[in-house]
1. Using the Cα gyration tensor of segment 25-93, with a ≥ b ≥ c the square roots of its eigenvalues, what is the shape: rounded (a/c below 1.5), prolate (a/b larger than b/c) or oblate (neither)?
2. Go through Ile66, Ile54 and list them by solvent-accessible area, largest first, probe radius 1.4 Å.
3. Given contacts defined as C-alpha pairs under 8 Å and at least six residues apart, what's the relative contact order of segment 1-115, whole-number percent?
4. Of the listed values (i) 0.98; (ii) 0.94; (iii) 1.19, grab the one calculated as Rg/Rh (Cα atoms, Kirkwood Rh) from the structure here.
5. Run the 1.4 Å probe and let me know the accessible area of Asp23, rounded to the nearest 10 Å².
Amino acid sequence: MSARSPEEIHALIAAALNEGDGDAFTALHEPTATIVVPPDGRRAAGGEAIRVAIKAVLALRPLMRIEVVDKIQADGLALTHGRWTLTGSDGGELLEISGLGTMVSRRQPDGSWRIVLDNPLSH
């Protein structure tokens, strides 16, 4: 599924993580996107690296919630800030992390939006 707005990307990211769908998560990013992966802040650039890096998060069987708290948009680019929480378990202890992240997305030629840069640990 593609995002029809910069804000919708956040909802689709949460849905992909909640469903354990790494392919859907990766498809929301441009092919050369760079992301920071919680909880350790590892960086991943490009579709395959993002797909591999997110596997550890998906292994937690996460429940993620994201609320968009601010947006600046101009000329096909958007900067959004989202407050998020993620809970999951590696089969033992419950893990809960949260943050205020920063995302840059770009409108695609078909009118959809995809992530260029994403740092959920920026604040």
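The values are calculated or read from the model by the stated rules, or taken from the named source; none is laboratory data. These numbers were taken from a predicted model, which means no experiment stands behind them. Accessible surface areas use protein heavy atoms only, side chains included; no ligands, DNA or RNA. Shrake-Rupley method; radii C 1.70, N 1.55, O 1.52, S 1.80 Å.
1. On the way: a/c = 2.67, a/b = 1.38, b/c = 1.93.
It comes out oblate by the Cα gyration axes.
2. On the way: Ile66 55, Ile54 10 Å².
Descending accessible area places them as Ile66, Ile54.
3. Details: 218 pairs, mean separation 30.7, N = 115.
Worked out over segment 1-115, it gives 27 percent.
4. Answer label, from the structure shown: (ii).
5. 100 Å²
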